[in-house]
Amino acid sequence: MKSVASTIDLPARSEVVERLAALVDGRSSPDEASRWASAWLLADQIPGAAVRVVDGPAWEAIKLMAGADLQVEPGSYLHGTDDFRAWLGKLQTASLPRATSTSLLHDDDHQGRPADG
């Protein structure tokens with residue numbers, strides 16, 4: 001088993017919803033949203049740390065937001081407001097996690113799969 005010095009909890013679903021809502025209504029740019037989300041994706045790369053995923057739909061939304069600034073050509077974004085709105089809607093309608101459905105990314109015992117609750 002891999003020794004984990006620290007565990008990093010993802011932000012609450014409410015914070016992810018707020019970040020997506022800010023992206024939808026223009027209070028946040030695709031670049032800002034992508035930087036925020038990418039920081040959570042990169043947290044998993046900190047030596048001795050593991051990201052605890054308690055809310056799978058929120059994690060999926062964070063992964064999507066990390067690509068909010070992707071461009072198909074200079075000045076032309078791959079994703080737009082309709083996409084951001086769909087991501088937000090999907091997260092808002094997703095079931096809330098059960099208290100026991102927790103997994104650690106890069107936990108060698110589980111090979112990246114959710115741990116048994």
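Derivation of every value follows stated rules applied to the coordinates shown; laboratory data play no part. What you see is a predicted model; the values in this text were computed from it and never measured. Neighbour counts run over all protein chains shown; Cβ positions are idealised from the backbone, glycine included.
Quick notes on this structure:
- Region 6-104: C-alpha gyration tensor shape, a/c 1.5 cut-off, then a/b vs b/c: oblate
- Two-site label geometry, Asp44 and Glu60: point separation in nm, points 7 Å out along Cα→Cβ: 1.5
- Summing Lys and Arg as +1 and Asp and Glu as -1 over all other residues whose Cβ lies under 13 Å from the Cβ of Ser28 gives a net charge of -3.
- Segment Ala21-Ala94, length gained on full extension (0.36 nm per residue, minus Cα span): 24.7 nm
- Summed side-chain charge close to Leu70 - residues other than Leu70 whose Cβ falls under 12 Å, Lys, Arg +1, Asp, Glu -1: -4
- Table column - 3J(HN,Hα) (Hz), region 8-13, Karplus curve with 6.51, -1.76, 1.60, x for Gly and Pro: 10, 8, 5, x, 5, 3
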